1. Can you tell me the relative contact order of region 823-908? Whole percent, Cα pairs under 8 Å, sequence separation 6 or more.
2. To make sure I understand the rule: partners must be aspartates and glutamates, Cα under 12 Å from the Cα of K327, and not fewer than 8 residues away in the same chain. Which ones qualify?
3. Reported to two decimal places, what Rg/Rh ratio describes region 803-845 when computed on Cα atoms with Rh from the Kirkwood expression?
4. Counting pairs of Cα atoms in region 793-908, how many percent are more than 18 Å apart?
5. Using Cα centres only, tell me the gap between region 557-613 and region 51-95 in whole Å.
6. What share of Cα pairs, in percent, lie more than 20 angstrom apart in region 203-327?
7. Show me, bin by bin at 5 Å from 0, the whole-percent P(r) of region 589-648 based on Cα pairs.
8. At 4 °C and a viscosity of 1.567 mPa s, what translational diffusion coefficient does Stokes-Einstein give for region 258-353, taking Rh as the Kirkwood radius over Cα pairs? Give it in µm²/s as a whole number.
Amino acid sequence: MNRGEELRLKVALRDTRTAGQKVVDACRAGDGAALPGLLAGMAPAERRACLPELKDLRKRVRQEWTPESARIREALRVAGAGCHTAPTAAAAWIGSGQLAAWGTRDRSALVEVIEQQPAAWQATVVARLAARGAAAWGWDDYPVIEYLVRSTGCPVPTSDAFVDGWLRDRTWGADGSRRRGSLLAVLRGDDLLPALLPRLFELADVAGSLAPAPNRKPEDTWPGALAELARAGELDRAELIGPCVARLVRGGRPNDQRAFLAVLEALAPTAEENARHARDHMAMLDGLSTVAARAQQVLAGLDDSGLLASDLLAEASDVVLFRTEKKLVRAQLGWLDRAARRDPARAGSVVLATAAAFGHPDTALQERALNVVARHLPAAGPAVLPDLRLAAEALNPVHHGRAAELLGLALPAPADTPADLLPPAPEPQPLAGPLATPAEVAEELSAVLAGGADVAAFERALDGLVRHAHQDREALVEALQPVLRVHQWQGGRRWVDCGPSDVLYVASAVAGLLPPQRLWGALHGPDRSPLRGHANNTVFGRWFAARLEEAAWQVTATRPPLLLAVPSVATGALDAAELVARVAAYEAAGARPGEVDLSCALLRVTPTGDAGVLAAAARLTSPAGRRVAAWLRAGGLPAQPSERVRFAPGRGGKPEHRYQERWWEGLVRYEVAQPGPQVPEGPGGEGLAEECLDLLAATEPGVQRARSQTEWNWNPTPHWLAALPNHREELAARLLVGFAGAADRDERGAPQLLPYLAEADGPAGPAMHLALAYGLAARHEEDRAAAVDALLVLAARGDLDGGLLGGELAALAGVGALKVSRLAPALAGAAATGAYGTVWSVLAGALPGLLAGEAPRGSGELLGVAADCARRSGARGAVAEVTALAARGGSSRLVREARALREALGEA
């Protein structure tokens, strides 16, 4: 025996630990490979005795995310699987989210421990894990589950999680890339396919695996492989087509719908197979546009072949002609026209079905429908005229003359309507009074932590915590206990912005769950608090964090009677008289407000010229009171001048991040530069807190994102706008990059803030109008709808400059920063509310710039909206560019709409 072996033997002889202690120590060391051997010789009672220490260790590492803690969690999974002698408890332990780890893990030790148990025990664990869902055991656990299914011979699970794991496993390799080789060959040799394939058509969120990948052979994709198996007779076509059609009828996420549509198209059903599902295709007409387009194509083909019941054409038209997609409506009108040409006996039903398009918002489609009616009216006979005359009332006035001539009856003159019907200007909603009891504070806090809280709920919850910590902290702590048992402050490094739900930090401080020294260090130490933690957090997130850090310190140390910065209305604005009264309450209590709280109050207070309020402010004697008085005398923070600047990053310099290279090159947009604030100083030269000054820092093109947001964590909320409720232009300038991204990078969400910006106070200058221009051309319909709401609010408040907005639209279109084709539906939606004069004022400012050179795509539709608005608002006066365009030859829609607008403006 050599010296090393002798030493190891001596150590082993001196090791007096029990088997249970060795198991726990192996977990602490993250040595999962040693656990199967340690557990193999332990009796059930010995295993169960380890559980308390294992649970305690799990609790300690569940919030740590280091390579060492990941190894410990994996070892804990293995140990818990072996120490729980009941299979249901073992499955719950294995699937615990507290033991999640990073990346692909070695499962050999876990499998070995499970295989030490009887087959029935293993089968129960497999069934329980499969039923718990992928969120409980993770994608990379699927091979373990499948292995155990095969080794135990238990029934194949058909839960969503197991089928999803099977789909992913067959599609993707262990490294996360698509599996190499033929998927067709994999499926041919897969004995799980018959049991799991029917469930595939019932899953959600399968597009990532099921959809065909680019640059792949058909047999290497699911649609192609399934189609080939059906062609070879290895799968029943009817058992594929039926579920696929049923799934498309049921609807779901757009990407999933497109994936199943790809499967159906790969199967290429015959006319007879399609005829068996004619009713299902009728139901698809009301679905996703791509699905509806294929269903329409199939039904039209069946009709052309005489395989479709004649009454289904009118039924399909009733659905399609009310859709907004112009391509679908044009195709439906074409189908109607072909049907009547092929069989004149159907002309009556065709023209009546076509009349449904008279109410379509697009005037060109109305004209197309009139053409179909005119073509087949002689064959339809006079019996259809009463119904057609009734339907013609929905036509745009531009078509009234032709409709009257065609149908033999003059339409009634339109009723007198205002040229510009705007909604009433919204009134700011006052906040309710302070929360009266600790129980109310706990209830409001619970609502905020549940998510989606508005500005009023958050502000009242934060103020309630501060007020009742001052009045009766013990009673407040008692009332908060049920909430804090459900919501526990986790701390740790954060990668997202501080937000409303982080008010939990203050509540935890009230309850004594955060050490006071940590709170003091949070205010003055180099790392600040866990509310911050990433250099790229936005300035709004840092402002949020500063408020909560200060409040958390105050409720444990100084315990002020209230917060100064709680707004008076839901926009975030603070009434000057209310602020003066609060400072007087501080003076009466001998308390001193926090620096951040006072700075936020100054930024939120609405300037006033009320002599009584100014006199009351002048009577304040504390340093904070003198600052408030000086601020009010100075009229608050003056507005910053805005300058629109062209920004073309691809012409020089490099993107801030590599992932920006895709859009950086060739990007041209307009942004707004502001010089920074001129902050009124207090009597002693005091300024604002740093986090409040950062909200107003100077802006220049291309750096707003670096200063106030990052691409991957930018999640704007109305709470951001409540920071500067009287400085709308400054807010718009600092959020402009997000608004621009909605138009030129197809991002989602930022324009949802536009209605809140429109309701804020302060000048609406170039930044506000530029933000609105980007919003009206946003990629996503819900974002454009929010921009329309903002447009109407600005107009109702008298803050909209139609000429300025139109000029911004033309300028952005000129540099390719927006697509004109998106403007027409947005502005048509605004006009449909009755705001014809407002929309015309915008288009009158936009058309000269848009039509000065080559008219961009979508200009015809925009001219159609302009003609309608000019006609309904009574606008007059020639637009030179429109006149020149109307004088061109040809009959394109662009020229026709220009002529209609010229006529509406009163030109000969």
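The values are calculated or read from the model by the stated rules, or taken from the named source; none is laboratory data. Note that this is a predicted model, so its numbers are computed, not measured. Ideal geometry is used to build each Cβ from the backbone, glycine not excepted, and the neighbour counts take in all protein chains shown. Just so you know, the surface numbers come from the protein's heavy atoms only, side chains and all, with ligands and any DNA or RNA stripped out. Shrake-Rupley method; radii C 1.70, N 1.55, O 1.52, S 1.80 Å.
1. On the way: 103 pairs, mean separation 27.5, N = 86.
Normalised by residue count, the contact order of region 823-908 is 32 percent.
2. Filter leaves D362.
3. Values: Rg = 10.4 Å, Rh = 10.6 Å.
Here the Rg-to-Rh quotient is 0.99.
4. I get 45 percent for the Cα pairs in region 793-908 exceeding 18 Å.
5. 51
6. Details: 3488 of 7750 pairs.
More than 20 Å apart: 45 percent of the Cα pairs in region 203-327.
7. 4, 16, 22, 21, 14, 7, 5, 5, 3, 2, 1, 0
8. Values: Rh = 13.5 Å.
D, rounded to a whole number, is 96 µm²/s.
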